[in-house]
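What follows is one structure encoded as structure tokens, with my remarks underneath.
Just so it is clear, none of the values below were taken in a lab; they were calculated from the coordinates. Remember, it's a predicted structure, so these values are computed and weren't measured experimentally. Every residue, glycine among them, receives a Cβ derived from its backbone with ideal geometry; neighbour counts consider all protein chains shown.
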């Protein structure tokens, strides 16, 4: 079935899922866009992790998710990922540049319930997740999320 047959069948012409973005192109993307996408991707992985623990009530699952999806926790993770003495997992210089660019980006919004510096670090974390997702680096994406889940499980913040 070609794309025009699909349009006729479904009544709309939504293009097929796009090709992955090349690393070089993704590194040049607006970091707010990468963070926007990364936030959603990370949230899905966190929710799956919580569901896998056996939690079944919505309020329990929400409280559990908030432990992982907050600026303070994400800031701790991002800093650890860059700290070579602390098991730092980001060794690619292009990725380090992306993280710095995302962290240093001027934000149009002020965080309501987070320290502004933690918010910047969390944005950098989410941008990195978005970058891995856009470039279909599934292994790096999942290793990074696993690192984050393990780090936050052991964090007393």
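Among 27, 98, the order by Cβ neighbours within 10 angstrom, fewest to most, reads 27, 98.
Output needed: percent of Cα pairs per 10 Å distance bin for the range 20-153, bins running from 0 to the one holding the longest distance. Per 10 Å bin, starting at zero, the Cα-Cα P(r) for the range 20-153 comes out as 13, 46, 33, 8, 0 percent. A simple spin-label model places the labels of residue 136 and residue 30 2.5 nm from each other, with each point 7 Å out along Cα-to-Cβ.
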